[in-house]
Amino acid sequence: MELTKTSGIVTGGASGLGEATARALAARGVSVVVADLSDDKGLAVASEIGGTYVHCDVTNTEQVIAAVEAAKALGPLWSVVNCAGIGWATRTIGKDGEYASAHDLDVYRKVIEINLIGTFNVCRIAATAMSHNEPDPDGLRGAIVNTASVAAEDGQIGQVAYSSSKGGVVGLTLPLARDLAAIGVRANCILPGLIDTPIYGTGEASEEFKARLGAGVLFPKRLGHASEFASLAVELLANSYMNAESVRIDAGIRMQPK
């Protein structure tokens, strides 16, 4: 699938996996809409890559539509990469055995709302816009890459909300691809493992913590680079024969319970 002179949207594009993907797409000639809630960072990234920043809560349909319309103003929308999401760690029950100590249900709902429902919200709106594209020789009109996590398959203690949300993203991949085949839009999913992003912080203590995490990776024994995720995301967009796949990028790690 040709990416040059098209537009794309990267949610969560102001930092981490999203920023790396936005930069990689721009390097391939894509006019990128950086959709995020971090205005300062998002504006900076968009300015550096010659794209556009849109303040976007992925659970807000009107803001998602605004991001899609901004992309269409830059060129035909052919690429969407969903990186927006949040993490959470809480065990299902508390140590005191009291009902009040059980996992906060509102927190569980929030994680599902952002990571799963937000992802689908972007997919349904973006795919609707893509359906109006002039198809290429293969009949393609666009492609979507969603971001899950190895936690979808190897959820650790305390990750019940996060793993549920990411498992949902994996689970929607095949039926989404089947739905969108009718309009020539492909859908794939990436399950990243331990990737070095700003979530780990900076400084000596942070580096020591990341080194300990990297020691548990099969090979190479380090955290992944955001650019490695971005490379895979771009390949899934560009390779016209990749469809309905959920691909781990984790250097062979299998997460232990804790």
Scan segment 194-219 and report the pairs whose first residue is closer than 13 Å to Gly16 by Cα and whose second residue is part of a strand (DSSP E or B), with Cβ atoms within less than 6 Å and a gap of 6+ or a chain change.
Ile195/Gly224
Can you name the number of the only condition in (1) surrounded by fewer than 21 Cβ atoms within 10 Å (Cβ to Cβ); (2) more than 15 Å from Ser79 (Cβ to Cβ) that Leu176 fails?
(1)
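Okay, residues lined up against (1) surrounded by fewer than 16 Cβ atoms within 10 Å (Cβ to Cβ); (2) of a type in the set (A, V, I, L, M):
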residue: Ile144; (1), (2): no, yes
residue: Gln156; (1), (2): yes, no
residue: Lys166; (1), (2): no, no
residue: Phe209; (1), (2): yes, no
residue: Leu218; (1), (2): yes, yes
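Conditions tested, residue by residue: (1) aliphatic (A, V, I, L, M); (2) modelled with pLDDT of 95 or more; (3) farther than 25 Å from Ala238 by Cα.
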residue: Ile86; (1), (2), (3): yes, yes, yes
residue: Ile93; (1), (2), (3): yes, yes, yes
residue: Arg109; (1), (2), (3): no, yes, yes
residue: Ile144; (1), (2), (3): yes, yes, no
residue: Gly155; (1), (2), (3): no, yes, yes
Of the conditions (1) in contact (Cβ under 8 Å) with a residue 40 or more places away in the chain; (2) under 29 Å from Gly139 (Cβ atoms); (3) crowded, with 18+ Cβ neighbours inside 10 Å, the single one that Glu19 does not satisfy is (2)
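Being among the hydroxyl-bearing types (Ser, Thr, Tyr) and surrounded by 15 or more Cβ atoms within 10 Å (Cβ to Cβ) is the filter here; which residues of segment 232-253 pass it?
Residues of segment 232-253 among the hydroxyl-bearing types (Ser, Thr, Tyr): 240-241, 246.
Answer for segment 232-253, where residues must be among the hydroxyl-bearing types (Ser, Thr, Tyr) and surrounded by 15 or more Cβ atoms within 10 Å (Cβ to Cβ): Ser240, Ser246.
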May I ask you to list pairs of residues, at least six apart or on different chains, whose Cβ atoms are under 6 Å apart, with the first in segment 69-95 being β-branched (Val, Ile, Thr) and the second being in a loop (DSSP other than H, G, I, E, B)?
Thr90/His103; Thr90/Gly158; Thr92/His103; Ile93/Ala102
Going through segment 122-146 one residue at a time, which ones are of a type in the set (Lys, Arg) and in a helix (DSSP H, G or I)?
Arg124
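Considering only segment 147-258, give the helices (runs of 4 or more DSSP H) lying wholly within it that have at least 2 residues that are closer than 22 Å to Asn121 by Cα and over 15 Å from the mean Cα position of the chain (by Cα). Before the answer, list the steps.
On the way: elements: 151-154, 160-180, 204-215, 226-238.
Fully inside segment 147-258 and qualifying: 160-180.
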Hits in segment 22-36 (condition: under 24 Å from Ile114 (Cα atoms) and without any contact (Cβ under 8 Å) to a residue 24 or more places away in the chain):
none
Of the conditions (1) surrounded by fewer than 15 Cβ atoms within 10 Å (Cβ to Cβ); (2) in contact with a Lys or Arg (Cβ under 6 Å, 6 or more places away or on another chain), Ala151 clears all except one; give me its number.
(1)
Determine the pairs where a residue that is under 16 Å from Ala126 (Cβ atoms), located within segment 48-66, has a partner that is surrounded by fewer than 17 Cβ atoms within 10 Å (Cβ to Cβ) and among the acidic types (Asp, Glu) with Cβ atoms under 8 Å apart, the partner being 6 or more residues away or on another chain.
Thr59/Glu113
What is the one condition in (1) without any contact (Cβ under 8 Å) to a residue 24 or more places away in the chain; (2) closer than 17 Å to Asn82 by Cβ that Val145 does not satisfy?
(1)
Please determine whether any residue of segment 123-135 is surrounded by 23 or more Cβ atoms within 10 Å (Cβ to Cβ), on the phi > 0 side of the Ramachandran plot and over 14 Å from the mean Cα position of the chain (by Cα).
no
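The values are calculated or read from the model by the stated rules, or taken from the named source; none is laboratory data. The model shown is predicted, which means the values in this text are computed figures rather than measured ones. Neighbour counts are summed over all protein chains in view; Cβ atoms, including those assigned to glycine, are modelled from backbone coordinates with ideal geometry.
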